[in-house]
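> Starting off with a structure, shown below.
Just so it is clear, none of the values below were taken in a lab; they were calculated from the coordinates. All values derive from a computational prediction rather than experimental measurement. So basically every Cβ, Gly included, is an ideal-geometry build from the backbone, and we count neighbours across all protein chains shown.
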Amino acid sequence: MADERKTEAAPIAPGDVVTCVIEQIMPYGAFVRIKNGQRAMIHISELSHSFVKKVEDILAMGQEVQAKVIKIDEKGRIDLSLKKMEASRPSYSNRSAGGPPEDPRDSFEKKLSNYLKASEAKIADINSKLNSSRAAKKRSKPPKS
């Protein structure tokens, strides 16, 4: 197992693009052998920008793929991504508009502001109805004898 990790020709760093072969497919991702002999993993969340139900929908045993190195942890384990190799997809709010992508924080702030305005209006409406019904009840009560 130690010989698997240390047979590298050139050091790999995050951001590098490597060619690798799929060796093992698991429900949570795939283990691959990089051309320099090192093993790495591609997590299911790093296979595609779209939803992936099964790893087998994207990868097959023995398939050769190019992936980007996204992380090397302190134990020397290498995490790869196919998703980072794809062109980033447009934001959901501007798919049909064709305009420049919005800053997601701006859209959140707008949604939050609209929600607060609508919420305050609903609360004011409920309070006014509640107060008017209480006033009507007070007027309709007969005086106590």
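> What are the residues in region 20-49 that are touching a residue at least 24 places away in the same chain (Cβ under 8 Å) and over 25 Å from the mean Cα position of the chain (by Cα), if any?
Across region 20-49, the qualifying residues are 21, 23, 34, 36, 37, 38, 39.
> So how many residues does region 106-133 have that are of a type in the set (S, T, N, Q) and under 26 Å from the mean Cα position of the chain (by Cα)? I'd like the intermediate steps shown before the answer.
In the first step, residues of region 106-133 are kept if they are of a type in the set (S, T, N, Q); the result is 107, 113-114, 119, 127-128, 131-133.
Retained after the next criterion (residues that are under 26 Å from the mean Cα position of the chain (by Cα)): 107, 113-114.
Total satisfying the criteria: 3.
> When you look at residue 65, is it on the phi < 0 side of the Ramachandran plot, outside any loop (DSSP other than H, G, I, E, B) and not polar (S, T, N, Q), yes or no?
On the way: on the phi < 0 side of the Ramachandran plot: yes; outside any loop (DSSP other than H, G, I, E, B): yes; not polar (S, T, N, Q): yes.
Yes: the conditions hold for residue 65.
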